[in-house]
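Written below as structure tokens is the structure these notes are about.
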Amino acid sequence: MLKQKWRLAVAAAGSVLIVAGCSAPGDGDSAQPEPQAATEQAAQDQGEGADGGAAQGQGPDTSNIPDPVAVVNGEEITKAEFVSVLEGQYQQMSMQAQMSGQPVDEEQIKQLSIEGLVGSALLEQEAADRGIEVSDEEKDASLQEFADTNQVSKDEFVAKMGEQGMDRAGVMDQIAKQLRVEKLITEEYGEFSPSDDEVRAAYDQVAQQQSMMGGAEGGAGAQQLPPLEQVRPQVEEQLRAEKQAEQMQTMSDELREGADVTVNL
């Protein structure tokens, strides 16, 4: 519960990055964190059925998106992959827009989505070129971590992913891709361990932002942030995720300089 409260507080303050990793579960549901590419694979399995979202007013307009959306060193990024990521980004941006009162910039979300997919493809290709591999034990441990975070068994987690069109093999494949990229970043930049000062600064920033939000809402329903020592592991995890996202961006930018990338949007 403390971990969930911390993540919700960070999300409310707008500090959670959309990175390769986990999505925080919400209140009162059993939503689960997914590997970044998991929803991409689910969209591939589901085909082009995602196009109706905008017509129902529940998502972005996907009617005029080309297929493939992009080609990265000869590897296609399909419309289905793109739509899945686009819709996930749209949902998160919509929640932020509701809090800020600002409209959702759909074109910006499309650009963020395709740039993220291109960057992911470049990193995955680089990991493959370097011969980076992960063991079955590592994949299983990562699956267990996803399951533990959501307080479900591994089989229950896989079943939830099945509701999105992905079987167990697909889940493990996406976990393997994520782990290879994480190993690539560690190989390139080394392990990152946040300092005490960095942990304190991150916590204080969220506390200040939450206090401001609570004041804007008249204090009604404001959520109490747990003491730092109770959520230190989650703060450190967030800082590592942010640092990893920064390093991934830096490396993908460098890889793109020498890459053959065509975006059709």
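The values are calculated or read from the model by the stated rules, or taken from the named source; none is laboratory data. This is a predicted model, so every value here is computed, not measured. Cβ atoms come from the backbone with ideal geometry, glycine included; neighbour counts cover every protein chain shown. SASA here: full protein model, heavy atoms, side chains in, ligands and nucleic acids out. Shrake-Rupley method; radii C 1.70, N 1.55, O 1.52, S 1.80 Å.
When you look at residue 161, is it aliphatic (A, V, I, L, M), touching a residue at least 40 places away in the same chain (Cβ under 8 Å), open to solvent by 80 Å² or more (accessible area, probe 1.4 Å) and assigned to a helix (DSSP H, G or I), yes or no?
Taking the combined requirement at face value, the residue does not satisfy it.
Within segment 164-185, the set of residues being open to solvent by 50 Å² or more (accessible area, probe 1.4 Å), over 22 Å from residue 129 (Cβ atoms) and part of a helix (DSSP H, G or I) comprises 168, 169. Taking the numbered list (1) at pLDDT 95 or above; (2) over 22 Å from residue 180 (Cα atoms); (3) touching a helix residue (DSSP H, G or I) at 6+ places or on another chain (Cβ under 8 Å) in turn, residue 265 passes all entries but (1).
Looking only at segment 187-198, decide whether some residue is under 30 Å from residue 101 (Cβ atoms) and without any contact (Cβ under 8 Å) to a residue 60 or more places away in the chain. Checking segment 187-198: not a single residue is under 30 Å from residue 101 (Cβ atoms) and without any contact (Cβ under 8 Å) to a residue 60 or more places away in the chain. Taken over segment 70-99, the residue count meeting the criterion of being touching a residue at least 24 places away in the same chain (Cβ under 8 Å), part of a helix (DSSP H, G or I) and among the hydroxyl-bearing types (Ser, Thr, Tyr) is 2. Restricting the first member to segment 123-142 and to residues that are more than 24 Å from residue 77 (Cα to Cα), and the second to residues that are among the polar types (S, T, N, Q) and open to solvent by less than 50 Å² (accessible area, probe 1.4 Å), the beta-carbon pairs closer than 8 Å and six or more apart or on different chains are 142/178. All told, residue 182 falls short of being under 20 Å from residue 245 (Cα atoms) and over 18 Å from the mean Cα position of the chain (by Cα).
Just for segment 41-79: of the residues that are of a type in the set (A, V, I, L, M) and modelled with pLDDT under 90, which one is nearest to residue 167 (Cα to Cα)? Among them, the one singled out is 42. Summed over segment 244-262, residues that are within 28 Å of residue 67 (Cβ to Cβ) and among the hydroxyl-bearing types (Ser, Thr, Tyr) total 2. Restricting attention to segment 78-96, the residues that are open to solvent by 30 Å² or more (accessible area, probe 1.4 Å) and hydroxyl-bearing (Ser, Thr, Tyr) total 2. Among all positions in segment 130-145, there is no residue which is within 15 Å of the chain's Cα centre (by Cα) and in a helix (DSSP H, G or I). When 188, 156 are screened for being over 22 Å from residue 250 (Cβ atoms), assigned to a helix (DSSP H, G or I) and open to solvent by 50 Å² or more (accessible area, probe 1.4 Å), only 156 passes. The residues listed here are 201, 259, 216; of these, the one that is at pLDDT 90 or above and either farther than 30 Å from residue 75 by Cβ or of a type in the set (Phe, Trp, Tyr) (or both) is 201.
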